[in-house]
Amino acid sequence: MSGKTYALMFIGIILGGCVGYAVSLVYIPEAVDSYFPDNYRARFDGLTQMYQDLSGMYDGAVSDIAGLGVEVEGLQASIEELQGQYDDLDEAHTGLEGDNAALQEAYDVLTDEHEARGETLNETQESYDTLLMQYMIVTGTAPFTPQTPPEGTIRKDFTWAYGGETWAITLYIPEHLYDYYSDRTRVPTADYSVYVTHPLDDEYISTIIGEFDDIATSEGYDEVQLVELVVAFVQSLPYTSDDVTTGFDEYARYPLETLVDGGGDCEDTSILTSAILDGMGYGAVLVNLPEHVGVGVDVDHYGTYYLYEDVKYYYVETTGEGWEIGELPETHQGHSATIDPIIPVPIITHDWSGSTLSHKLTIVADIQNVGTGDAKSFKLFVAYEGDEGEIWNAVESTWFDLAVGEETTIMLEANEPRGVHTRIVVKVLDAWGDVMDESASTWFDTS
């Protein structure tokens, strides 16, 4: 045999010995136990048990996954069903939106028609009132069937004497207008033109003027007689004291208030008279006498007059019957008067609060225009005043404007004078330095 053959035989013998030794280790426990550590068997058995447990858990997980797959398929079917329902609802919603648009369009048409019919109703009511007045003038009596006042109005019947005849008119005054004026805060001013020039009642004042114009036309009255007719009407209203009828002293009424309340004192009837005469196109002014108010009218007449801007305004007494144009009651003769034209005027009011910290005064003032005209170029003035009229540490704001009904808030700071007896004065000044409104704190001593 060759060397190669011997080498192969030698290698086979070695491999066979190794395999036999390995087999002896597997099949002879004593050999394994002698080779591996003492706890080998217990560890081996524990690992075997763990393998079996994990196999069981694996099989359970596979089963659960299969069950979840079935549930997922069910949920997917539910989602598809809900999507179908949503699509149906969305389609229905789109249809409802179209219906709503059509209904809104129909509503707008009905609203326009309602407003148009409301205007027609108002025109018809005015025509009825005019015809009723003409009927009463011709017959001197009221219709046989009493008429129900239109809803939301206050019916007022007036009769008065003029020119040897008795006249009667019926007014239907809008209740919301009367409530509006009754609820308004009284304007803190002696210039009562602000009650005449308030614009909200202009339209209704024109309907009252129409009643007088109809009488004047039917009787052929001239301008003076028309003024006398109006004055006689107002003079016929009862004189009532403010504190008795309203609970307030010097409670000026707007024209509609005087008509509904059935009278007033001198400023109330003068406001009503000037509102009617001004609306008719006559020049009219308010005449402020000591503790009394009358009217001046620009008409060709004789008697007492007041010259204002080169125009003669003949005096009209509005309280008590029988006073003629130009006739001034003796108790008011020889007294000077202030003339207020019937023009929109701003009326400025203010409230303020103040605080002092480290001898630094901070004033916060709320300023409002409650008049009927815009306020142009006003400013706020704040100072400390001494008991002998001294002025200390005065400060002023920049100029400001206020439209009708507008308000503004202004803050000013002033240094507190040391060791004086003083008070804080706050004033609203116009462009000429005239005081439009003012107030003051109580007296106090500074440290």
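Every read-out reported here was derived from the displayed coordinates using simple, explicitly stated rules and does not represent laboratory data. The structure presented is a predicted model; accordingly, all values stated were derived computationally and were not measured. FYI the Cβ positions are ideal-geometry reconstructions off the backbone, even for glycines, and counts take in every protein chain you see.
Before moving on, here are some points about what is shown:
- Those aspartates and glutamates that a straight Cα-Cα span of less than 13 Å connects to Lys427, excepting residues fewer than 8 apart in one chain: Asp351, Asp366, Glu385, Glu396, Asp437, Glu438
- Pairwise alpha-carbon distances in the range 153-341 exceed 31 Å for 11% of all pairs.
- Applying 1/(1 + (r/R0)^6) with r as the Cβ-Cβ distance of Gln76 and Glu126 and R0 = 56 angstrom yields a FRET efficiency of 0.15.
- Prolate/oblate/rounded call for the range 67-127, Cα gyration tensor, a/c under 1.5 rounded: prolate
- Anisotropy class of the range 348-445 from Cα gyration tensor, a/c 1.5 cut: prolate
- Gain upon complete extension [Leu96, Ala168; 0.36 nm per residue less C-alpha separation]: 20.0 nm
- Extending 7 Å from the Cα toward the beta-carbon at both Thr409 and Ile339 defines two label points whose distance is 4.4 nm.
- Chymotrypsin sites (Phe, Trp or Tyr not before Pro) within the range 361-407: DSSP coil, no more than 14 neighbouring Cβ in 10 Å: Trp399
- Cα-based reach from Lys360 at 13 Å (exclusive), listing aspartates and glutamates while leaving out same-chain residues under 8 positions away: Glu413, Glu416
- Using the Cβ-Cβ distance between Glu396 and Thr442 with R0 set to 25 Å, the FRET efficiency works out to roughly 0.60.
- The calculated FRET efficiency for Asp214 paired with Ser355, based on their beta-carbon distance and R0 = 41 Å, is about 0.05.
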